[in-house]
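J.: The structure is given below, and queries will be raised subsequently.
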Amino acid sequence: MDNIYPLKLKPVLKDAIWGGYKLAEKYGAAVPGTQVAENWCLTVRDDGMSLIENGVYAGKALGEYLAEAGRYKSTPFPLLIKFIDAGADLSVQVHPDDVFARLVENDSGKTEMWYIAEAEEGAQIVYGLEEGADKKDLLSDSGDTIRKALNYIDVKAGEVYYIPSGLVHALCGGIVIAEIQQSSDLTYRLYDYGRIGKDGKPRELHTEKAIECIRSFSEEDITALRYRKGSSGDSTVLADSQYFTVKLLSPTEGDIKLSTNGHDCSLVAVEGEAEIISGGKSYYIKKGESYFLPLELGEYTVRAAEKADIILSYSNL
């Protein structure tokens, strides 16, 4: 049917003082030379709405498309998928869980997953607190005290990090990630290196709310969160949680036959290019591009002439 097909989505670009230039230069998000912090690849939010670029629905908002299909009438679309280019360090932050977010912010919480698309030599992330550190150390007026409380780890391309609500974290400069998360933009900053925002004022911190949201994670917990769940041929399960399932498709001169299986699915290319074959038609996806596959699509094939890395995601809510 002409009205059921893979929907190519237009990038929704976000600016921030820490943004870099790789999303424009290497991922096709904008004209090279443009500073881009985030490319929201799939979003159904008031502060960022995906537009369909191809076929009979070209120009239609994804939210409008879903409403006409009769879905997500009483609850918001549950996922937000994006690329982030950390041209500089992001703030040290934490996200609330669903209970806190609904009570305090009338919003959903934020659990997310990072796939490291690229990382410069020596690039690091903040991933929880140092063993023995107390969250009260993050209330210090001393940046040195705060940084000593943080668990810094080296990262490299291809690694996966699950970021549950309540985990203190930060991307440091020199990293590009694909992020799959609950559709929430609630971020509580704990520390921002004393930076001045574009308005000429110190960037706002949210220490009181952040301290309330921080959860304790043991060293064993942290190790368990750094995982790939397992491989099957050209498909690797990166995360499988109550919120979402994420797989890495890596076709190499062959086909991967798939089905939406009753899920609205997202395909985002992090490397190379491939074909999405559905209903006898081909839809091309290349690095940085995003497609929404409606649940009615059913069976489809991902094919690559050379190696490609495509992230497949769907909600479990």
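The values are calculated or read from the model by the stated rules, or taken from the named source; none is laboratory data. Treat the numbers as computed from the prediction; the structure is a model and nothing was measured. Ideal geometry is used to build each Cβ from the backbone, glycine not excepted, and the neighbour counts take in all protein chains shown.
J.: For residues in the stretch 271-309 being out of contact with any helix residue (DSSP H, G or I) (no Cβ under 9 Å at 6 or more places or on another chain) and of a type in the set (S, T, N, Q), which is nearest to residue 66 (Cα to Cα)?
T.: Among residues in the stretch 271-309 that are out of contact with any helix residue (DSSP H, G or I) (no Cβ under 9 Å at 6 or more places or on another chain) and of a type in the set (S, T, N, Q), the one nearest to residue 66 (Cα to Cα) is 290.
J.: Consider the stretch 190-215. How many of its residues are loosely packed, with under 12 Cβ neighbours inside 10 Å and without any contact (Cβ under 8 Å) to a residue 40 or more places away in the chain?
T.: The total comes to 7.
J.: Something else now. If we scan the stretch 78-96, do we find a residue that is over 30 Å from residue 25 (Cβ atoms), free of Cβ contacts under 8 Å to residues at least 12 places away in the same chain and of a type in the set (A, V, I, L, M)?
T.: No, that holds for no residue.
J.: If we scan the stretch 215-233, do we find a residue that is modelled with pLDDT of 85 or more, farther than 30 Å from residue 302 by Cβ and not in a strand (DSSP E or B)?
T.: Looking through the stretch 215-233, at least one residue is modelled with pLDDT of 85 or more, farther than 30 Å from residue 302 by Cβ and not in a strand (DSSP E or B).
J.: Take the stretch 67-80 and flag every residue that is aliphatic (A, V, I, L, M) and within 21 Å of the chain's Cα centre (by Cα).
T.: 79, 80
J.: Here is a further query. Which of the residues that make up the stretch 144-156 are out of contact with any Phe, Trp or Tyr (no Cβ under 9 Å at 6 or more places or on another chain) and under 25 Å from residue 244 (Cα atoms)?
T.: Within the stretch 144-156, just 156 meets the criteria.
Residue by residue, here is whether (1) within 21 Å of the chain's Cα centre (by Cα); (2) within 22 Å of residue 78 (Cα to Cα) holds:
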position: 102; (1), (2): no, yes
position: 109; (1), (2): yes, yes
position: 119; (1), (2): yes, no
position: 130; (1), (2): no, no
position: 145; (1), (2): no, no
position: 157; (1), (2): yes, no
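J.: Next up: Going by the structure shown, is residue 139 of a type outside the set (D, E, K, R) and either more than 29 Å from residue 103 (Cβ to Cβ) or modelled with pLDDT of 95 or more (or both)?
T.: Spelling it out, it is not the case that residue 139 is of a type outside the set (D, E, K, R) and either more than 29 Å from residue 103 (Cβ to Cβ) or modelled with pLDDT of 95 or more (or both).
J.: If only one of 276, 285, 256 is surrounded by 14 or more Cβ atoms within 10 Å (Cβ to Cβ), modelled with pLDDT under 95 and either hydroxyl-bearing (Ser, Thr, Tyr) or closer than 22 Å to residue 5 by Cα (or both), which one is it?
T.: Values: 276 fails: modelled with pLDDT under 95; 285 fails: modelled with pLDDT under 95.
On inspection, the qualifying residue turns out to be 256.
J.: Suppose the filter is crowded, with 17+ Cβ neighbours inside 10 Å, in contact with a helix residue (DSSP H, G or I) (Cβ under 6 Å, 6 or more places away or on another chain) and at negative phi; does residue 36 pass it?
T.: Against the criterion (crowded, with 17+ Cβ neighbours inside 10 Å, in contact with a helix residue (DSSP H, G or I) (Cβ under 6 Å, 6 or more places away or on another chain) and at negative phi), residue 36 qualifies.
J.: Restricting to strands (runs of 3 or more DSSP E) lying wholly in the stretch 272-317: which have 1 or more residues that are touching a residue at least 24 places away in the same chain (Cβ under 8 Å) and within 18 Å of residue 254 (Cβ to Cβ)?
T.: 273-278, 281-286, 299-304, 309-315
J.: Out of (1) crowded, with 21+ Cβ neighbours inside 10 Å; (2) at pLDDT below 90, the odd one out for residue 112 is which?
T.: Just one mismatch for residue 112, condition (2).
J.: Residues to consider are 173, 194, 200; find the one that is in a loop (DSSP other than H, G, I, E, B) and modelled with pLDDT of 95 or more. First the steps, then the outcome.
T.: Details: 194 fails: modelled with pLDDT of 95 or more; 200 fails: modelled with pLDDT of 95 or more.
When all the criteria are applied, what remains is 173.
J.: A further question follows. What number of residues in the stretch 176-189 are among the charged types (D, E, K, R) and either surrounded by 20 or more Cβ atoms within 10 Å (Cβ to Cβ) or not in a loop (DSSP other than H, G, I, E, B) (or both)?
T.: Of the residues in that region, 2 qualify.
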